[in-house]
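Trainee: Mind having a look at this structure? Questions to follow.
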Amino acid sequence: PEVFRDVSVFFSDFVGFTEMAASLDPKVVIDELSDLFTRFDEIMEKNDCERIKTMGDAYLAVCGMPKSNDNHARNIIRSAIAIVDHLKERNRNNELKWEIRIGIHSGDVVGGIVGTKKYIYDVFGDTINTASRMEESSEVMKINVSEETYRVAKNDYTFVERGALPIKGKGEMKMYFIDVK
């Protein structure tokens with residue numbers, strides 16, 4: 001395992017996925033997720049970010065590891081905005097409407113290879129957990145960021161302060177929505 005400093009973590013989840021997946025043919029669900037996540041991967045790659053993994057409908061990506069990146073927060077936020085924009089556009093022309101919640105947090109991340117049979121690169125630590133909590137505390141089609149990410153990117157984007165809200169296992173944390181028109 002290796003500690004990576006100054007990493008921004010993106011965590012997203014589709015709203016209503018369980019209900020939607022239960023009502024659709026499994027092939028349709030897989031085809032939809034494949035299409036969506038392929039586009040997410042393209043957006044992340046364009047912004048020097050990298051997907052770590054998907055877990056069902058959840059998508060986890062980082063910027064600033066394994067290669068350091070001084071623009072980690074800006075790049076992950078730019079990716080998040082592009083993903084929301086993509087979904088809005090896609091929803092205008094598709095029968096299936098996908099809505100997402102996104103959370104972003106910045107800090108130190110531990111990364112390493114896990115397992116002996118199927119090697120996967122995995123990430124750990126408080127920054128990953130906090131990004132997940134930011135997603136859980138987000139709202140539909142909104143990008144919720146922690147105070148740490150806000151401090152790094154406050155001069156590059158417009159934010160809407162949400163105040164301090166209770167976060168499971170963390171107490172109250174200040175959060176911000178990115179003002180996406």
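Rule-based calculations on the coordinates, nothing more; no lab input. Worth saying up front: this structure is predicted, and the values here are computed from it rather than measured. Quick reminder, even Gly has a Cβ in these numbers, built from the backbone with ideal geometry, and neighbours come from all protein chains shown.
Trainee: Under 11 Å from the Cβ of Met44, count the other residues' Cβ atoms, weight Lys and Arg +1, Asp and Glu -1, and hand me the total.
Mentor: Residues near Met44 contribute -1 overall.
Trainee: Would you count, across the stretch 85-156, every pair of lysines whose alpha carbons are under 23 angstrom apart, provided the pair is eight or more residues apart or spans two chains?
Mentor: Summing the qualifying lysine pairs gives 4.
Trainee: Right, next: For the chain, what does -39500 (n - 2.57) per DSSP helix run (n ≥ 4), summed and divided by total residues, give at 222 nm, in deg cm²/dmol to the nearest 500?
Mentor: Result for the chain: -12000 deg cm²/dmol, rounded to the nearest 500.
Trainee: Going by a ≥ b ≥ c, the root eigenvalues of the Cα gyration tensor, does the stretch 62-181 fall in the rounded group (a/c under 1.5), the prolate group (a/b larger than b/c) or the oblate group?
Mentor: oblate
Trainee: What Rg and what Dmax come out for the stretch 138-181 when only alpha-carbon atoms are used, in angstroms?
Mentor: Over the stretch 138-181's Cα set, Rg and Dmax evaluate to 10.5, 32 Å.
Trainee: So, one more: Within the set of other residues whose C-beta is less than 12 Å from the C-beta of Ser132, count the net charge using Lys and Arg as +1 and Asp and Glu as -1.
Mentor: Summing Lys/Arg as +1 and Asp/Glu as -1 gives 0.
Trainee: Once Rh for the stretch 51-113 is found with the Kirkwood sum over Cα pairs, what is the Stokes-Einstein diffusion coefficient at 10 °C and 1.306 mPa s, in µm²/s?
Mentor: Translational diffusion coefficient: 118 µm²/s.
Trainee: Now a separate question. Select from the chain the helices, each a whole stretch of DSSP H, whose alpha-carbon atoms run 20 Å or more along the helix axis and whose Kyte-Doolittle mean is at least 0.0; answer none if there are none.
Mentor: none
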